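Below is one structure, written out as structure tokens; the observations come after it.
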Amino acid sequence: MTAPIVEVTNVSKIFPMNGTRGRNAQSLHAVSNVSFSIAAEETLGLVGESGSGKSTVGRMLVGIYPATSGQIRLFGRDISGDAAKANLKAVRRRLQFVFQDPQAALNPRMAVGDAIAEPLDITGGFDRRQRQARIEELLDMVGLPRSAVRRYPHEFSGGQRQRIVIARALALQPDLIVCDEAVSALDVSMQAQVVNLLMDLQAQFGLSYLFIAHDLAVVRSVSTRVAVMYAGSIVEIAPRRALYESPSHPYTRALLDAVPRVRGVAKPREMLQGEPPSLIDPPTGCRFASRCPLVETRCRVEAPPVRTVGSGHQAACHLI
Amino acid sequence: MQPSDNILSIEKLTVQFRSGGRWITAVQDVNLDLADRECLGIVGESGSGKSVTALTVLGLHPPKSTRIASGRIRYQGRDLLTLPPRALGRIRGAEIAMIFQDPMSSLNPVLTIGDQIGETLRIHQGLGADDAQKKAVELLDMVRIPDARRRVAEYPHRLSGGMRQRVMIAMAIACRPKILIADEPTTALDVTVQAQILNLLRELRRELGMSVILISHDMGVISEFTDKIAVMYAGQVVEDAVGAGLFEQPMHPYTDGLLRAIPDIDSDTARLATIPGSIPDPGRPPEGCRFHPRCPEAVPTCRQTAPAMIRLSEQRQTRCPPRAARRSA
Amino acid sequence: MLRLVAVRLTHAVPVLLIIAVLAFLLMQLLPGDPAVLMAGDGASAEAIQQIRERLQLDRPLWEQLVSWVTHLLSGDLGTSLTLNQTVVSAVAERLPVSLSLAVVSIAITVPVGILLGVIAAAARDSWIDVAVMAIALLGVSVPSFWIAILSVILFSVTLGWLPSAGYVPLSDGFLPWLLALLQPAIVLALFQVGFLARMTRSAMLDVLDQDFIRTARAKGAPESRVLWKHGFRNTLIAVLTVVGYIFSLLIGGSVIVEQVFALPGVGRLVVQAVLARDYPLVQGTLLLFGFIFVLINIATDILYVVVDPRVRYD
Amino acid sequence: MTDAALDPATVAPSALQRGAALARRLFRHLSFRIGFVIVALLVMVAVVGPLLHTADPTAMQMRFRFRPPSARFWMGTDALGRDILSRFVHGARLSLVIGLWVAILSGIAGTIFGVLSGYVRAIDSLVMRIMDALLAFPPILLAIGINAALGPQVHSVIIALSVSYIPRTARIVRASALVVRELDYVQAARISGASGLRIVLRHILPNSVGPLLVQLTFVFAYAILAEAALSFLGIGPPPPTPSWGNIIAEGRDYSVEAWWIMLFPGLGISLAALGMNLLGDGLRDVLDPRLKIEG
């Protein structure tokens, strides 16, 4: 197996809180001690509820936020250390991002062609003809007519706009695309179309995805491996079948249980009470302790170690 | 089914919006019945007209840009659509209550939650400020908000999304309504919180003997929660069914496509089935059956004649003549 | 709350300082030799030199600035060139007139403007809305000095109902005071009523589109309650901001209205000072107005916290 | 809408067609239509008027003092026997020229300050403090002060009023820059390595044009009113210049006997301000219904 293209080691992100300075300064521990890797042509699904830190992880990966501590290596280069800026610049072309809201991800005053070509224009080195040819090629790839070039985003539906955003992301032939809730804003029928498009593009170009989503079913359908985040930490990471068929962390089990099923009879629920802890002053022990049905005394004091449960299957829980 | 069984009947409802100087039909010819203590689910994608239908029941659609082109909404022998505003006001919140999708924006940010819950009681039961506040605490207890006595004086922005939706529910059940309309009540919430809220609604429904109309785009939520389901597409009900039959044997190609397009959490799928194309422009719905441009089973007549609902059995209706014919054959 | 006031006041210090420097720099903007300009045409060389010395114009710029700010801190704004009194006493003498005018005018503006705005928003797109907004639009389009003259012709000259000019101090009785101020205050209020009505309407329309308004209706709340308790309460931040801005309009407007109605207020003083090239007086009054406006802004900021629980300053 | 965009057979409209479509939407708006007609009429009066009506606005004819409106003097004559119509026409030209310049100058300066403080965080608080301080002076008073310093001339009126409207314009541009710069499409550009200049030029400015344009229409209206007020106070363009405010100031002493002297210029000011305000209302509703801009 070749070296992974993404290696994230013990990364944390702490945001200083607005308006609190000096004595009672507070900070938000959005991501704590997260580690994972992504291999070439692989999709890592990252699931979690709102505030779990999954989106922050994605943003750190493309350099929107610098990591507070830990190491992020992309394509073998460290984008978190001293040479972060230069290294990020070197790998920038190989990175792209697809946002949740296709409405906000496109400048309403920019024609679709110009939007798609923006990464080309920023990088430079494409003449008029090459630029035009690439735009048309990209439109073909995502299944939009070439006549879209001179149209504006408001003339398209949500699903079509997301295709435009994907075309823009593909412009420079990246190797890694971070999809942050990329299909969450779409209706079911549109969602299926865009998911299939992403899969086709991956097969065609050998892309890797970090696929961030709250919808567990969608994540299962696209991912090779899946990581589950809770309150800033990864609680479990496993190949998809292992995660869905034999989840070992109590949170993963509860999460899977909580999803309403269309087919088949609902299983008796082991329903989670309460809500995730505040990340301004996160608990010392296991962050899931306050809601865990199996909680023991040590869970409240001691942070759980990461245990290997099976091949590529790890979970952070005292009780495994 | 006898009309007397139904606590609420929507009959031939057609609602239009004004857009760019034209009237555009958002809801067309919708018929729905809600029996006493029943839970009716309305499922559909955005633009299907499901929320508009629900809002029309309480007259909460924007009055200037909307018109009811036809139809009746019968509740206890009266037509809600022709009721004078004051009479409708006495029903709103007291007999028919409603909760909405976004608990963040649905609560008034400058009033305490106690004020807002108490307001329902002050309006309908003429309670004084102190009594209303006391009742508000009881209601917060009922929706399982811990530490209700302290929380009652909080402002909405201090509560989490799940808590706010509980406050909305407390507000809605304050006067023990006969009908609760829940418009995408869990869409903005996380899945574990969604489970809590659905559970709470289920318990309250039993405790208070309410009938419920649940609107959602999520087939899973609808499937687990409701007794009767109507599927809407482009402003029309395309199929309805009592019980789980709809999921086992959909009688409309749209329902079929929708169910196939949902990724399955319990198995590894290689590739999702899709419905080609996109939802039609409500200003220019297709001739004939509204689904025919996207339908894999369309036959020539589908392009020409707009189909009516066809009754298949006591439990089922569909707007797809070819499927109906195949079934009876 | 006290801490908040203190914090806001300290935040205002740099703004006040910049205002003081701006007022000072205004003097320096004078093309050519300010002393010559001030002395007027055909003044003798000695007279010019005298002015130059009195205003310390012969000293370097930064020294002038330091001396200006130091004097300012001790409450000394200099001496008027034309009035034979200090700037502070000249302003203090006229301030009650301007304040009286402002109070009466605001007392008219706020309720009328808000009421018109809320009514128009409630009756959105109906003929009532169109009519109310047409009136508001006229209010912000018709020049006040012109309407003042027309109003004097009608109410003072033709009908003889109201005095056409002059001020009666409050110590001479409330009614005469009010009567003297009524016409100028109404004329002054016209623009602001129009402005406030337009802004209130658009703020209301914004709020009335919000989800919690639908919640209130779903509760069965009567329309008047929806409008005021849920709608208007949420526009208070926007309305407060506009009212704060109206104070600055009021100061500007009073300059004109005091002129037309011959009210001996600060606004009239400024105009006289400008026409007489009495620069220390111009500077001093500008500074005063700037300070008042900053204080009003602070008051507005503090009131935000009162009307909206979400607003917090740390 | 979505189907047409997807259909490869339909051709995307050209920039010209898009412009025409926007114009059609604007003209469907009643306020805009009325405002446009009023402003167009005044512009015609100001541009064509002096060519058709060639009477010298400053020529005094003592024989014809205080003539009421008649076939010969459509708007009558003033105390010095000058033709009011002629003065009115020149006043219109002056008002519109001043309004236009103030809108342009405060628009340019306001945009620069607004973008700078909205995009470059480091200088935001300094720029905004200065703007706050400028804002502390009511426009008319600031104009009086600057005018006093620069002397009573047309260009000092323009400079004075431009300066007084910069803070408000800067705030509007800053507000939209603050919103736009957090939007996903700007993030996307950043991820691709876009420079700050590119983000400002391609993303922030194009999306601030709407609010800016609306604001400047209102500034135009206020500038006309403010110029008239300054002239009326005797601090505007010096007396022989035929400005609307001057005419009213001169006619004020005879307002009862010779009402026509002050009537027409007053109507002129009101109409000009009304027309621009109506245009602004229309632009606001059509360009961005959620905008709340005024002054």
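See the values below:
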read-out	value
Residue mean of other protein chain beta carbons inside 10 Å, A:215-225	4
Computed label-point distance, nm, for sites residue C:171 and residue C:107 using a 7 Å Cα→Cβ extension	2.0 nm
Interatomic Cα distance distribution for segment B:40-181, bins of 10 angstrom, percent	11, 37, 33, 17, 2
Distance from segment A:176-226 to segment D:83-126 (C-alpha centre basis), Å	50 Å
Three-way shape call for segment C:166-314 based on the alpha-carbon gyration tensor, with the a/c threshold at 1.5	prolate
Chain A, helix-only ellipticity at 222 nm - DSSP H runs n ≥ 4, -39,500 (n - 2.57), divided by all residues, nearest 500	-9000 deg cm²/dmol
Exposed GluC sites (Glu not before Pro) absent: longest stretch of chain D, with sites in DSSP loops and at most 13 other Cβ within 10 Å deemed exposed	D:1-181
Sum of -39500 (n - 2.57) over DSSP H runs of 4+, divided by residues of chain C (222 nm, nearest 500)	-24500 deg cm²/dmol
With all protein chains modelled, accessible area of residue C:106 [1.4 Å, Å²]	30 Å²
Two-site label geometry, residue D:62 and residue B:130: point separation in nm, points 7 Å out along Cα→Cβ	8.8 nm
Anchor residue B:135: aspartates and glutamates whose Cα lies under 12 Å away (excluding residues fewer than 8 positions away in-chain)	B:115, B:119
Solvent-accessible ranking of A:154, C:11, D:90, largest area first, probe 1.4 Å	A:154, C:11, D:90
Nearest-10 value in Å² for the accessible area of residue C:59, using the 1.4 Å probe	90 Å²
Sequence of A:297, A:56, C:109 when ordered by accessible area, the most exposed leading, probe 1.4 angstrom	A:297, A:56, C:109
Distance between modelled label sites at residue D:112 and residue B:315, nm, 7 Å Cα→Cβ extension	7.6 nm
Probe 1.4 Å, all protein chains present, accessible-area order of A:49, A:136, B:287, largest first	B:287, A:136, A:49
Cα radius of gyration and Dmax for the protein assembly as shown (Å)	35.1, 119
Rounded FRET efficiency, nearest 0.05, which uses the C-beta distance separating residue D:30 from residue C:206 and R0 of 25 Å	0.70
Estimated FRET transfer efficiency (residue D:16, residue A:200; beta-carbon r; R0 60 Å; 0.05)	0.95
Ranked by how many other beta carbons lie within 10 Å on average, peptides D:270-279, B:277-286 from highest	D:270-279, B:277-286
Segment residue B:287-residue B:270, length gained on full extension (0.36 nm per residue, minus Cα span)	2.6 nm
Fraction of alpha-carbon pairs over 37 Å apart in chain C - percent	31 percent
Set B:64/B:134; B:50/B:134; B:134/B:228; B:64/C:229; A:54/B:228; B:12/C:229 screened for pairs whose C-alpha atoms are more than 30 Å apart	B:64/B:134; B:50/B:134; B:134/B:228; A:54/B:228; B:12/C:229
Relative contact order of chain C, pairs being alpha-carbon contacts under 8 Å that are 6 or more residues apart, as %	26 percent
Sum of -39500 (n - 2.57) over DSSP H runs of 4+, divided by residues of chain B (222 nm, nearest 500)	-9500 deg cm²/dmol
Chain D: relative contact order in percent, alpha carbon pairs under 8 Å with at least 6 residues between	25 percent
Partner chain coverage, peptide A:57-66 - average Cβ within 10 angstrom	1
Intensity falloff of chain D expressed as log10 I(q)/I(0), Debye formula with alpha-carbon point scatterers, at q = 0.07, 0.08 Å⁻¹	-0.35, -0.44
Value of relative contact order over chain B, rounded to a whole percent, pairs C-alpha under 8 Å and six or more apart	19 percent
Estimated FRET transfer efficiency (residue C:45, residue D:267; beta-carbon r; R0 60 Å; 0.05)	0.75
For residues of A:242-248, the mean tally of beta carbons on other chains within 10 Å	1
With DNA, RNA and ligands ignored, accessible area of residue B:292 (1.4 Å probe; Å², nearest 10)	30 Å²
Cut-off 13 Å, label 7 Å out along Cα→Cβ of residue A:64, residues of segment D:176-192 by amide N	D:181-192
Gyration tensor (alpha-carbon) shape descriptor, chain A, a/c threshold 1.5	prolate
Cut-off 19 Å, label 7 Å out along Cα→Cβ of residue B:5, residues of segment B:292-329 by amide N	B:310-318
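The values are calculated or read from the model by the stated rules, or taken from the named source; none is laboratory data. Because the structure is predicted, anything quoted here is derived from the model rather than measured. When we count neighbours, we look across all protein chains shown, and the Cβ atoms used for this are built from the backbone with ideal geometry, even at glycine. Ligands, DNA and RNA are excluded from the accessible area calculation, which covers all protein heavy atoms including side chains. Shrake-Rupley method; radii C 1.70, N 1.55, O 1.52, S 1.80 Å.
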